[in-house]
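*Asks:* Below: one structure in structure tokens.
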Protein chains: 2
Amino acid sequence: MDRVSLSEFELIARYLSRPAAAERGDVVVGNGDDCAVLAPSPGHQLAISVDTSVVDVHFPHDAPPAAIGHRSLAVALSDLAAMGARARWCCMALTLPAANAEWLAAFAEGFRALAARSGCELIGGDVTRGPLTIGVTVHGELPAGQALRRSGARKGDLIAVTGYPGRAVAGLARWQRGERESGHPLLEAYLRPEPRLAAGEALRGLASSAIDISDGLLSDLRHVLMASGLGARIDIDALPLATPLRASLDLDEVREQVLNGGDDYELLVTLAASDLAEAQRRLAPLHLPLTPIGRIIEGEGIEGVPPRHLGRSGWDHFPEIAS
Amino acid sequence: MDRVSLSEFELIARYLSRPAAAERGDVVVGNGDDCAVLAPSPGHQLAISVDTSVVDVHFPHDAPPAAIGHRSLAVALSDLAAMGARARWCCMALTLPAANAEWLAAFAEGFRALAARSGCELIGGDVTRGPLTIGVTVHGELPAGQALRRSGARKGDLIAVTGYPGRAVAGLARWQRGERESGHPLLEAYLRPEPRLAAGEALRGLASSAIDISDGLLSDLRHVLMASGLGARIDIDALPLATPLRASLDLDEVREQVLNGGDDYELLVTLAASDLAEAQRRLAPLHLPLTPIGRIIEGEGIEGVPPRHLGRSGWDHFPEIAS
């Protein structure tokens, strides 16, 4: 059984416990009891997802600790975004090889900054010793019955994607080549992905289905098609191409990154063609483009994509069981 | 990045995903989307806790897989019991060194059996590869404002404990000596602790404070005293002594196990002396004794316990941050 010194406990408590100043009316019991106790919003449903980030599986061991903190929360929040839920509360199960004050302070700062910006209050957690692993459970709220489902795509719907997918995998490749240019947009896209929470909420009631493309655009599109019992035709020339990708590679390689790069946390949605302009208008204040890239069609599978891009299907790590 | 075969994915999905037959009205979206979506009960608050069980820290690597599954959920449910909450939903973040079909089936069976018996539906999770670690987030519900807090003890209250603490640490000692007698009550107490959910609910509105004694009776009593700003006088002769403990050790050793053994998941509560009979009456259908062992007094610290039992304070592993 592990025994740790009081100073280590104090360190962890200092960096990760809920600051008293952050008290919100919906947090009835915060730190210091067996459970956190929360007051859900009347008329709402809960959206819950859990994501585990493991060192050298989901992020490089030498990534900046603030980025590890940010990223471990971002990948979980992205699941709330894909349902159209508003982020409310999170728990962290942290496994640490050792309590290093400097590392832990930067990690906590990265986590806390995104949590605060997302309205997602850290309400509980535990800490154990072992290989660096961050398990995050996020809780969001939705007006009852308004969740964006994977299964809602309809024949004739447009397929559209937020932002510029493909940047994260290009950023990871740069990191693995040893590039460490602070603030480079591709490295940032990998290290500090931005969960599309505001976009998910804005598209509620408009999109017929939604998913985040953490596994890769085509791979996650397949999940929507399977759940909806339909097929898709992609317009390969319509893919949004981020400027730094176009500048650095040939078109085929760029398309491969856009279609099959993992670790993007953009949203893929389907919606009626007549709703596209309204959807784009709602995302305009977020400075987030929404690009139509194809149509939902009868049948199954994906048309319009050259076979060389269909062989891979994005990250094929252990998939989630349910959420 | 880890890549696993489809067969491994199917294995995990088969054992851990929510069976369609288990559909409940409060689970709006179960498997197969970015989040689970749940309908909370009107007029209720949510109680949430997270517990991580790590191989060879929280359980022996050679423990029966069904016991590991049971135990990893039980330790989390115990926190709901200590708040008086009713168990509703859980998520599992499972880290596995490899996908062994036989082990996984037994593990899942142990987890599922307790989940079903507790009304705590598995609604999400993820699986990653690494040293065996089970992170469980549990969600319970409470009528608004009725949580049992650590901070509610009042001067003059009785201190009472459910069941027979000390058995788990005695069982662990037996396991570590190589004893493997299936069904031995002390081994069972360690391997398959029973979270006192029904007792917690039954004591709501009656107990002034509650905590589970996972860290040891004295250690967790200190948490209540600190939170309530009071002290305690223990009647050392009133401690409930399990029969198999009395049979095997001298009285001093038994008392040490009862007072400072970790891994018990009994409840320690405080309540008005005039409410004791009613509390015992409510627990009688559960066949669970509730034994008064002392009083809450002015001041701080614990009186009535011989100094030889005060030196240790129960398990001093990394404590939880908040829940």
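*Asks:* Could you give the nm distance between label points at B:S41 and A:E300, where each point is 7 Å from its Cα heading toward the beta carbon?
*Replies:* 4.2 nm
*Asks:* Name the residue, out of A:G84, A:G200, A:G145, whose mean-square fluctuation peaks in a Gaussian network model built on chain A with Cα pairs under 10 Å.
*Replies:* Maximum among the listed residues: A:G145.
*Asks:* Then there's this: What FRET efficiency, computed as 1/(1 + (r/R0)^6) with R0 = 60 Å and r the Cβ-Cβ distance, is obtained for B:S182 and A:L251, rounded to the nearest 0.05?
*Replies:* Details: r = 65 Å, r/R0 = 1.08.
E between B:S182 and A:L251, to the nearest 0.05, is 0.40.
*Asks:* Could you work out how far the C-alpha centroid of region B:150-202 sits from that of region B:261-296, in angstrom?
*Replies:* First find each Cα centre; the distance between them is then 13 Å.
*Asks:* What is the distance, in nm, between label points placed 7 Å from the Cα along the Cα-to-Cβ direction at A:A113 and at A:D56?
*Replies:* In this crude spin-label approximation the distance works out to 2.8 nm.
*Asks:* In addition: Non-local amide H neighbours of B:S209 (under 5 Å, H modeled in plane, Pro and chain starts lacking H): which ones?
*Replies:* Here the answer is B:T270, since their amide H atoms fall under 5 Å of that of B:S209.
*Asks:* Let me know the whole percent of all Cα-Cα pairs from region B:6-143 that are separated by more than 18 Å. Could you put the intermediate results ahead of the total?
*Replies:* Working: 5010 of 9453 pairs.
Within region B:6-143, distances greater than 18 Å cover 53 percent of Cα pairs.
*Asks:* Okay, next question. What's the local net charge at A:A85, with K and R +1, D and E -1, over the other residues with C-beta under 11 Å away? Intermediate results must be reported in sequence, preceding the final value.
*Replies:* Numbers: positive: A:R86, A:R88, A:R204; negative: A:D79, A:E141, A:E201, B:D34.
Here the charged neighbours net out to -1.
*Asks:* Under the rule of -39500 (n - 2.57) per DSSP H run of 4 or more residues, summed and divided by the residues of chain A, what mean residue ellipticity at 222 nm is obtained, to the nearest 500 deg cm²/dmol? Please list the in-between numbers first.
*Replies:* On the way: 10 runs with 108 residues, N = 323.
Computed ellipticity for chain A at 222 nm equals -10000 deg cm²/dmol.
*Asks:* Could you give the length gained on full extension between B:L286 and B:A105, defined as 0.36 nm per residue of separation minus the Cα-Cα distance, in nm? Before the final figure, lay out the partial values.
*Replies:* On the way: separation 181, 0.36 × 181 = 65.16 nm, distance 3.00 nm.
Length difference between fully extended and current span is 62.2 nm.
*Asks:* Given points 7 Å out from each Cα along the Cα-Cβ axis, report the A:R233 to B:A277 separation in nanometres with one decimal.
*Replies:* Output for this residue pair reads 8.2 nm.
*Asks:* Could you compute the net charge surrounding A:A66? Neighbours are other residues with a C-beta less than 9 Å from the C-beta of A:A66; K and R count +1, D and E count -1. Don't jump to the answer; show the numbers that get you there.
*Replies:* Numbers: positive: A:R192; negative: A:E109.
Counting the neighbours of A:A66, the net charge comes to 0.
*Asks:* Measuring nothing but label to label, 7 Å from Cα along Cα→Cβ, what are A:I236's distances to the other copies in nm, shortest first?
*Replies:* Reported distances to equivalent positions: 8.3 nm.
*Asks:* What is the mean number of Cβ atoms from other protein chains located within 10 Å of the Cβ atom of each residue in peptide A:139-148, rounded to a whole number? Could you put the intermediate results ahead of the total?
*Replies:* Numbers: counts 6, 2, 1, 3, 0, 4, 3, 1, 7, 3.
Mean partner-chain Cβ count within 10 Å for A:139-148: 3.
*Asks:* Right, here's the next one. Say a label goes 7 Å from Cα toward Cβ at A:H287 in every copy; what distances in nm does this one have to the rest, shortest first?
*Replies:* Values, ascending and in nm: 6.7.
*Asks:* Just need log10 I(q)/I(0) for region B:202-314 at q = 0.16, 0.22 Å⁻¹, Debye formula, equal scatterers on the alpha-carbon atoms, no solvent, rounded to two decimals.
*Replies:* -0.76, -1.41
*Asks:* Springs between alpha-carbon atoms under 10 Å, Gaussian network over chain A: tell me which of A:V136, A:V305, A:V269 tops the mean-square fluctuations.
*Replies:* Maximum fluctuation in the GNM of chain A, among the listed residues, is at A:V305.
*Asks:* How large is the translational diffusion coefficient of the protein assembly as shown in µm² per second when you combine the Kirkwood radius over alpha carbon pairs with Stokes-Einstein at 10 °C and 1.306 mPa s? All intermediate terms of the calculation are to be shown ahead of the outcome.
*Replies:* Working: Rh = 25.6 Å.
In µm²/s, the coefficient is 62.
*Asks:* Loop sites only, by DSSP: take the GluC sites (Glu not before Pro) in chain A that have at most 13 other C-beta atoms within 10 Å and name the longest stretch containing none of them.
*Replies:* Values: sites that count: A:E23, A:E179, A:E181, A:E298, A:E300.
With a cap of 13 other Cβ atoms within 10 Å, the longest stretch comes to A:24-178.
*Asks:* Let me ask something additional. Would you mind working out the magnitude of the charge dipole of chain B relative to its Cα centre, with +1 at each Lys and Arg C-beta and -1 at each Asp and Glu C-beta, to the nearest 20 Debye? Before the final figure, lay out the partial values.
*Replies:* Working: 30 positive and 41 negative charges, 107 e Å.
Using only the charged Cβ atoms, the result is roughly 520 debye.
*Asks:* Let me make sure I get this right: for chain B, a, b and c are the square roots of the gyration tensor eigenvalues over alpha carbons, sorted descending. Under 1.5 in a/c it's rounded, otherwise prolate if a/b > b/c, else oblate. Which is it?
*Replies:* Numbers: a/c = 2.17, a/b = 1.43, b/c = 1.52.
Judged from the Cα gyration tensor, chain B comes out oblate (a/c at least 1.5, b/c at or above a/b).
*Asks:* Rank A:A160, A:A82, A:A98 by mean-square fluctuation in a GNM of chain A with C-alpha springs under 10 angstrom and give only the top-ranked residue.
*Replies:* Taking springs between Cα atoms under 10 Å, the residue moving most is A:A98.
Just so you know, all these numbers are worked out from the coordinates, no wet-lab data involved. None of the values given here were measured: they were computed from a predicted structure. Virtual Cβ from ideal backbone geometry, glycine too; neighbours counted across all protein chains shown.
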